[in-house]
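Q: Before we start, here is the structure in question, set down as structure tokens.
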Amino acid sequence: MIRRQFSNRRIRIAVGLALLVGFLVQCQRVLTSRNDNSPSVVIRNPIKLTGNTALAAPAAEISVREETIEQRAARDPVGFIEYCLDRYDHGVRDYTCVFTKQERLGDTLSAEQVMNANFREKPFSVRLEWTQNEDRCSRVLYVADRWVEKGQQLAVVEPGKIARLFIPYVMKEIDGPDARKSSRRTINQFGLRNSMELILKYCRLAREKGQLKFEYVGKGEVDGRASLVFERRLPYTGEGGVWPDRVLVVHIDKETLTPALCTAYADDAKQTLLGKYMMTKLKLNVNLPDKTFTKEGMGL
């Protein structure tokens, strides 16, 4: 009995001490709070300031002005064309358009030729049908690696009106003598992507040599559509040299960000035209059927 009473007394003493300690702690907190005259502050997402940086207004009140497409083109013209090419690579499979070209071959400037174009990226496929000023052929079809003879890539060529009376089509080397006589570019260099690659190729080469002059010069228009206009100048010395032209004027369609018109000149005054390549009525990703790029699909 005595032991039990003693044990109960120890428990009561322990509880009493615990309550006393708790009371003292609470008093200390109250006193501390009264002595602190500064308000309680909660910092959310603190901003680190360095150097002479000054915070003029809360972040939520600062409006960030987005860069316009024209500003981006002016700030980094080569980078802008690279961006257009990357955008094309990630978004375009095939397309149709009206392709217009005019070229200087030797000392002779050809008539302006107009043709309907069908194009597919994979496999690289081109079908052109002349609608104005056909020269040596009325239609041509090329599919990479489909027709090969002695290591040479071939294209299906439908000849002009008179020749068609005797033979429906012939197979021609895409970079053979006949092709070189009729165009500054071979058919495997056709297309929106190849145009951008060719622009960038000589921009990069000129930059490496410290001779690059490529700039955004303002807004333009091609076939009623808004465009961004660029000019490139190279140390052109004539046909057969390193550089393809003296002045190249490039119109990039503002909506599709693809080349709508490329015009090359041999002189600074832009009086001697070397080549003009225009793509209008462009329709992207039309899902052209395979038969479009077959002889059977052409009715041959």
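Q: Just one of (1) free of Cβ contacts under 8 Å to residues at least 40 places away in the same chain; (2) farther than 21 Å from MET278 by Cβ trips up LYS201, so point out which.
A: Failing condition for LYS201: (2).
Q: Suppose we keep only residues that are over 30 Å from GLY91 (Cβ atoms) and β-branched (Val, Ile, Thr) within the stretch 147-178. Which one would you say is most open to solvent (accessible area, probe 1.4 Å)?
A: Within the stretch 147-178, the match that is most open to solvent (accessible area, probe 1.4 Å) is ILE162.
Q: Still on this structure, I have one more. Checking the conditions here, which among ARG87, ARG75 is within 17 Å of MET279 (Cβ to Cβ), among the basic types (Lys, Arg) and under 24 Å from the mean Cα position of the chain (by Cα)?
A: Numbers: ARG75 fails: within 17 Å of MET279 (Cβ to Cβ).
Result of the check over ARG87, ARG75: ARG87.
Q: Conditions first: (1) part of a strand (DSSP E or B); (2) surrounded by 15 or more Cβ atoms within 10 Å (Cβ to Cβ). THR131 passes all but one, so which condition is the exception?
A: Of the numbered conditions (1) part of a strand (DSSP E or B); (2) surrounded by 15 or more Cβ atoms within 10 Å (Cβ to Cβ), the odd one out for THR131 is (2).
Q: May I pose another question? Which condition number does LYS181 fail, the rest of (1) free of Cβ contacts under 8 Å to residues at least 60 places away in the same chain; (2) open to solvent by 70 Å² or more (accessible area, probe 1.4 Å); (3) over 21 Å from ASN118 (Cβ atoms); (4) more than 30 Å from the chain's Cα centre (by Cα) being met?
A: Among (1) free of Cβ contacts under 8 Å to residues at least 60 places away in the same chain; (2) open to solvent by 70 Å² or more (accessible area, probe 1.4 Å); (3) over 21 Å from ASN118 (Cβ atoms); (4) more than 30 Å from the chain's Cα centre (by Cα), LYS181 violates only (1).
The values are calculated or read from the model by the stated rules, or taken from the named source; none is laboratory data. Since we're looking at a predicted model, the values are computed, not measured. Neighbour counts run over all protein chains shown; Cβ positions are idealised from the backbone, glycine included. For accessibility, only protein heavy atoms count, side chains too; no ligands or nucleic acids. Shrake-Rupley method; radii C 1.70, N 1.55, O 1.52, S 1.80 Å.
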